[in-house]
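Student: After the structure tokens below, expect a handful of questions from me.
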């Protein structure tokens with residue numbers, strides 16, 4: 001069977017919004033839905049790598065080597081607990097890539113060139129971006145067809161989103177005319193607080209159909225799962241977090 005993967009970057013320059021949680025658990029839920037998925041950890045912190053069961057410090061070849069040293073894909077591709085979900089991990093070596101890319105030709109499109117051949121083997125390629133708008137994130141956006149923006153349900157949630165959308169527009173205009181926002185996903189929702197409800201209402205009123213119907217709740221099981229190196233669906237498949245990411249995966253499949 002042949003595949004032409006949809007490449008989706010999970011992006012927000014603000015940290016702590018559930019970006020990596022979304023990348024890991026959306027990838028796992030897509031795999032559970034029968035899709036063939038590649039998760040790329042493109043954040044030097046390596047949280048998606050550890051969240052899917054690998055130890056960043058023990059990884060010999062990672063996305064850094066694939067991006068800058070042209071390492072063979074066989075060296076950087078790792079299996080996961082799902083047969084149809086693979087991961088290209090990150091390590092702290094990736095932190096140096098931002099500096100090294102500055103002096104390189106075609107510095108904004110190195111990731112696109114590296115992963116384009118992989119699109120024939122997957123339904124989805126999910127990229128977990130660093131919480132910044134530097135060269136690594138620009139590379140991810142230049143390589144992507146779509147982007148998903150996680151937004152935390154808090155008072156300052158919408159601050160910075162305008163700047164992020166502007167960056168996405170600039171990448172679309174100058175580097176990647178195919179780039180689109182597939183949706184905004186609201187995370188860490190606590191139904192007990194009126195503020196959270198207000199943030200949800202304001203986001204839906206401002207961004208309208210761009211906001212996913214699924215809202216990811218604040219859920220202790222979601223915060224525990226990464227320490228066990230498995231997605232929430234395997235850690236506690238009946239939890240509110242697992243149900244939310246299964247629903248989000250269904251929406252992503254429909255939208256893409």
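The values are calculated or read from the model by the stated rules, or taken from the named source; none is laboratory data. It should be emphasised that the depicted structure is a prediction, and the values quoted were computed from it without experimental measurement. Neighbour counts run over all protein chains shown; Cβ positions are idealised from the backbone, glycine included.
Student: Yes or no: residue 8 in contact with a strand residue (DSSP E or B) (Cβ under 8 Å, 6 or more places away or on another chain), farther than 14 Å from residue 88 by Cα, part of a strand (DSSP E or B) and at pLDDT 95 or above? Write out each step before concluding.
Tutor: Values: in contact with a strand residue (DSSP E or B) (Cβ under 8 Å, 6 or more places away or on another chain): yes; farther than 14 Å from residue 88 by Cα: yes; part of a strand (DSSP E or B): yes; at pLDDT 95 or above: yes.
Yes, satisfied.
Student: Considering only segment 15-38, state which residues are closer than 16 Å to residue 132 by Cβ and not in a helix (DSSP H, G or I).
Tutor: Those that are closer than 16 Å to residue 132 by Cβ and not in a helix (DSSP H, G or I): 15, 16, 17.
Student: Picking from 225, 249, 244, 240, which residue would you name as being within 25 Å of residue 80 (Cβ to Cβ) and surrounded by fewer than 18 Cβ atoms within 10 Å (Cβ to Cβ)? Show your work before the answer.
Tutor: Values: 225 fails: surrounded by fewer than 18 Cβ atoms within 10 Å (Cβ to Cβ); 249 fails: surrounded by fewer than 18 Cβ atoms within 10 Å (Cβ to Cβ); 244 fails: surrounded by fewer than 18 Cβ atoms within 10 Å (Cβ to Cβ).
None of the other options fit; the residue is 240.
Student: Which residue pairs have Cβ atoms closer than 6 Å, lie 6 or more positions apart in sequence or on different chains, and pair a first residue in segment 105-134 that is over 18 Å from residue 47 (Cα atoms) with a second residue that is in a strand (DSSP E or B) and modelled with pLDDT of 95 or more?
Tutor: Close Cβ pairs satisfying both conditions: 122/38; 124/6; 124/37.
Student: Now a separate question. I want to confirm something. Restricting to segment 101-131 and keeping residues that are assigned to a loop (DSSP other than H, G, I, E, B) and under 13 Å from the mean Cα position of the chain (by Cα), which single residue is farthest from residue 13 (Cα to Cα)?
Tutor: Looking at the filtered set, the residue picked out is 130.
Student: Going through segment 167-192 one residue at a time, which ones are in contact (Cβ under 8 Å) with a residue 40 or more places away in the chain, in contact with a strand residue (DSSP E or B) (Cβ under 6 Å, 6 or more places away or on another chain) and over 13 Å from residue 149 (Cα atoms)?
Tutor: The answer is 188, and nothing else.
Student: Also, I was wondering about something else. In segment 198-228, how many are over 20 Å from the mean Cα position of the chain (by Cα) and without any contact (Cβ under 8 Å) to a residue 12 or more places away in the chain?
Tutor: 7
Student: How many residues are touching a helix residue (DSSP H, G or I) at 6+ places or on another chain (Cβ under 9 Å), over 22 Å from residue 15 (Cα atoms) and surrounded by fewer than 19 Cβ atoms within 10 Å (Cβ to Cβ) when one looks only at segment 159-179?
Tutor: 4
Student: If you don't mind, there's one more thing I want to ask. What single numbered condition from (1) in a helix (DSSP H, G or I); (2) at pLDDT 90 or above fails to hold for residue 150?
Tutor: The one condition residue 150 does not meet is (1).
Student: Residues 97, 130, 140: which one is modelled with pLDDT of 95 or more and in contact with a helix residue (DSSP H, G or I) (Cβ under 8 Å, 6 or more places away or on another chain)? Full working, then the answer.
Tutor: Details: 97 fails: modelled with pLDDT of 95 or more; 130 fails: modelled with pLDDT of 95 or more.
None of the other options fit; the residue is 140.
Student: Since residue 167 meets every condition but one in (1) modelled with pLDDT of 90 or more; (2) over 16 Å from residue 251 (Cα atoms); (3) under 18 Å from the mean Cα position of the chain (by Cα), which condition does it not meet?
Tutor: That leaves (1) as the condition not met.
Student: Tell me whether segment 22-42 contains one or more residues that are crowded, with 23+ Cβ neighbours inside 10 Å, farther than 23 Å from residue 252 by Cα, touching a residue at least 24 places away in the same chain (Cβ under 8 Å) and in contact with a helix residue (DSSP H, G or I) (Cβ under 6 Å, 6 or more places away or on another chain).
Tutor: no
Student: Right, residue 195: in contact (Cβ under 8 Å) with a residue 12 or more places away in the chain, farther than 30 Å from residue 83 by Cα, surrounded by fewer than 19 Cβ atoms within 10 Å (Cβ to Cβ) and touching a helix residue (DSSP H, G or I) at 6+ places or on another chain (Cβ under 6 Å) or not?
Tutor: No; evaluated as a whole, the condition is false for this residue.
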